[in-house]
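Since every read-out is calculated from the coordinates, none of them should be taken as a lab result. Just so it is clear, the model here is predicted, and its values are computed rather than measured. Positions of Cβ are generated from backbone atoms using ideal geometry, with glycine treated the same way; all protein chains shown enter the neighbour counts.
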């Protein structure tokens, strides 16, 4: 079992959905709390803020305002297995306003029969939004599985924020994904 990263700094962000938080380890952003998550985690009680956590919090704040910005900070997912890390790194490549399937992620990860394991990796995602696990749907186009607060409702909110047409997913989804809009 790998060890959880040691949290060094933490900053908060506020959206129309509520308050969230982001924590950073020595290797990068290691935890994101979405609006609705419990922010009273004991290990975060005395964490200072710094430029890294403030920058990530500002990026999340802008994301929730509908801004499309590249994410250029390091992410620390070292506590996860190699396969989970691989799936999450592939998930980071899903463009804003697009979706792909668990099956497509499994194929990209070199394990075409590991759809459920890909879902497990997304369920273990410690940095949602930054690693956009909400952009992964079932092969049928169904909005399945989201471990964040509000579950599928939050997933739908995030995809809608990005301009994804929920009705269009089911008819346009292919093995390579579905892009509702093209962004620079």
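Which value in deg cm²/dmol, rounded to the nearest 500, describes the helix-derived mean residue ellipticity at 222 nm for the chain, given -39,500 (n - 2.57) per DSSP H run of n ≥ 4 and division by the residue count? Let's see the in-between values first.
Working: 6 runs with 57 residues, N = 184.
It lands at -9000 deg cm²/dmol.
Suppose we take every Cα in region 82-177 and form the convex hull; what volume per residue is that in Å³?
On the way: hull volume 7.8 nm³, N = 96.
Output value, Cα hull per residue: 81 Å³.
Give me the number: length gained by fully extending residue 139 to residue 167, i.e. 0.36 nm times residue separation minus the C-alpha to C-alpha distance, one decimal in nm. Numbers along the way, then the final one.
On the way: separation 28, 0.36 × 28 = 10.08 nm, distance 1.41 nm.
Once the chain is fully extended between residue 139 and residue 167, it gains 8.7 nm.
Can you order the peptides 68-78, 120-130 by their average number of other Cβ atoms within 10 Å per residue, highest first?
Numbers: 68-78: 14.6, 120-130: 20.8.
Packing order, densest peptide first, comes out as 120-130, 68-78.
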For the chain, state the semi-axes of the equivalent ellipsoid (square roots of 5 times the eigenvalues of the alpha-carbon gyration tensor), sorted largest first and rounded to whole angstrom. 26, 19, 14
Hey, could you pull the Cα Rg and Dmax for region 9-64, both in Å? 10.3, 30
Cα-Cα P(r), region 1-98, percent of pairs per 10 Å interval: 15, 44, 36, 5
Once you place label points 7 Å from the Cα toward the Cβ at residue 116 and residue 69, how far apart are they in nm? 4.0
Relative exposure of 51, 162, judged by other C-beta atoms within 10 Å (fewest first): 51, 162
